[in-house]
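Some notes on the structure that comes next.
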Amino acid sequence: MSDLPTVVFFPEGAYGPTNNCVGIGQVLQSRGARVLFVVEESFAGTLEAQGFEEALMRLKPPAETEEVPGQFWKDFVRETAPEFRKPTIEQLEGFVLPVWQELVDGARYVDERLTEIFAEVQPDVIVVDNVVGFPAVLAAGVPWVRIVSCNPLELKDAALPPTFSGYASDDTAGWEAFRERYRELHEPLHREFSEFCTAHGAPPLPDGEFIHESSFLNLYLYPEEADYGRSCPLGPTWQRLGSCVRRADRVPGQVRGPGRAVLYLSLGSLGSADVALMQRLIDTLAETDHFVIVSMGPQHAELQLAPNMTGEEFLPQPAILPEIDLVITHGGNNTVTESLHFGKPMVVLPLFWDQHDNAQRIHELGLGRRLDTYGHEPAELLAAIETLVDDPALPGRLGAISRRLQAEPGNVRAADLIEQLVRA
């Protein structure tokens, strides 16, 4: 190993996990490390533009048409959007299982290419921010780090609500039925994928899990103030990062505008692809006396903003959040943790995966409001906004969380831990 380590980041092919890894990679690179990202071909150039090396791979055969970053998942979400209107227990079959199937298929397809990349790059450590395992990572013969940039309920505990359920922490009704339905649907796929892992140099998968726990270092991303109390503590290789905010250099020209408060509407790169939902929210917010910044997403050309709004296809969220008063979000883990990092209350409109869990957690802690994404009335959204904006106690609570998180940057702590692992 050279004096300056080579760190390979392998995030899931979506902006949330990628941005999380970028924040850590920026710190490591500033300390002299060689930082390389393994990314899908559709993301080619996006990490290079931020100063990192790239190694390209595919998770499925090439498409016949030109691809854009994360296009497969945007198409997938658009086609399965009717599932988001169903109760979470019904989403298990119509959305969650198909997602796991796609992820497992991708892990199988890319295994040989990953083996080639690791042999060529010779990393000192591999950092994975994925929800599915990749045997090539464990078979590479170097230390590896698992990052969980999802709600902590993905780290299961019998005393906590089931993953992806969005169920309340203080009401166990339905917990076992949800878990049993999940097991019933996913056990065949789990068994098949575990056999693939062992055939390609990795241990069997843990019971009920589609990814291994690292024997070296595991990181999960959630503020202590919002985390869950566990009946079974996590093992000694687990470390919590309160937040992990990447550096954002560009601030949009117009952030503060006329209005009693400044609201930020962002449903993420996938949620914003639902044009009907986005336009409905925009039309509701047009009736307020607030100024609204809209992250318009890939279908931006089809959205009509109101006079009290500004927006762009993509916005540098870490630069926006310090300037606004309230976030309207889908409940993606990065947005939730970044909002808490900057002390902002949230109205959460969950769509899928761990967004339901984040929405419920923020609601039950009183740090925001959870609404039925498709079933709420406009008046409910407006009332939630006014309740949060006018709450006299909330700025103090959120401000204390923000000060602590900013004093203990998670990206710096993660970089420290990764460096310690390399030295060891």
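The values are calculated or read from the model by the stated rules, or taken from the named source; none is laboratory data. Every value quoted in this text rests on a predicted model; they were computed, and no experiment measured them. Reconstructed Cβ throughout: ideal geometry from the backbone, glycine too, with neighbour counts over all protein chains shown.
So if I check each of Leu219, Leu153, Leu189, which one is under 20 Å from Gln101 (Cβ atoms), in the same structural domain as Pro98 (by TED's automatic domain parsing) and within 24 Å of the chain's Cα centre (by Cα)? Can you show your working first?
On the way: Leu219 fails: under 20 Å from Gln101 (Cβ atoms); Leu153 fails: under 20 Å from Gln101 (Cβ atoms).
Testing whether each residue is under 20 Å from Gln101 (Cβ atoms), in the same structural domain as Pro98 (by TED's automatic domain parsing) and within 24 Å of the chain's Cα centre (by Cα) leaves just Leu189.
Given the criteria in contact (Cβ under 8 Å) with a residue 40 or more places away in the chain and not in a helix (DSSP H, G or I), does Val347 qualify?
Numbers: in contact (Cβ under 8 Å) with a residue 40 or more places away in the chain: yes; not in a helix (DSSP H, G or I): yes.
Taking the combined requirement at face value, the residue satisfies it.
Between a residue in region 104-131 that is without any contact (Cβ under 8 Å) to a residue 24 or more places away in the chain and any residue that is buried (at least 18 other Cβ atoms within 10 Å of the Cβ), which pairs come within a Cβ distance under 6 Å, given they are 6 or more apart or on different chains?
none
For region 350-370, enumerate the residues that are of a type in the set (S, T, N, Q) and within 13 Å of the chain's Cα centre (by Cα). I'd like the intermediate steps shown before the answer.
Going residue by residue through region 350-370, those that are of a type in the set (S, T, N, Q) are 355, 358, 360.
Across region 350-370, the qualifying residues are Gln355, Asn358.
Pick from region 3-53 the residues that are closer than 25 Å to Pro298 by Cβ, free of Cβ contacts under 8 Å to residues at least 12 places away in the same chain and not aliphatic (A, V, I, L, M): which of them is surrounded by the fewest Cβ atoms within 10 Å (Cβ to Cβ)?
Looking at residues that are closer than 25 Å to Pro298 by Cβ, free of Cβ contacts under 8 Å to residues at least 12 places away in the same chain and not aliphatic (A, V, I, L, M), I get Gly45.
Looking at region 295-311, which of the residues that are part of a helix (DSSP H, G or I) and touching a residue at least 12 places away in the same chain (Cβ under 8 Å) is surrounded by the most Cβ atoms within 10 Å (Cβ to Cβ)?
Just the residues of region 295-311 that are part of a helix (DSSP H, G or I), to begin with: 300-302.
Checking which are touching a residue at least 12 places away in the same chain (Cβ under 8 Å) leaves us with 300, 302.
Details: His300: 17, Glu302: 12.
Taking the candidates together, the pick is His300.
Looking at region 392-402, can you tell me whether even one residue there is within 21 Å of Val292 (Cβ to Cβ), more than 17 Å from the chain's Cα centre (by Cα) and of a type in the set (Lys, Arg)? Break it down into steps so the answer makes sense when it comes.
Step one: filter region 392-402 for residues within 21 Å of Val292 (Cβ to Cβ), giving 394-395, 398.
Of the ones still in play, those that are also more than 17 Å from the chain's Cα centre (by Cα) are 394-395, 398.
Among the residues that remain, those that are also of a type in the set (Lys, Arg) are: none.
Checked region 392-402: no residue is within 21 Å of Val292 (Cβ to Cβ), more than 17 Å from the chain's Cα centre (by Cα) and of a type in the set (Lys, Arg).
Can you tell me which condition Val137 does not meet? The list is (1) aliphatic (A, V, I, L, M); (2) farther than 17 Å from Asp227 by Cβ; (3) assigned to a strand (DSSP E or B), and all the others hold.
The failed condition is (3).
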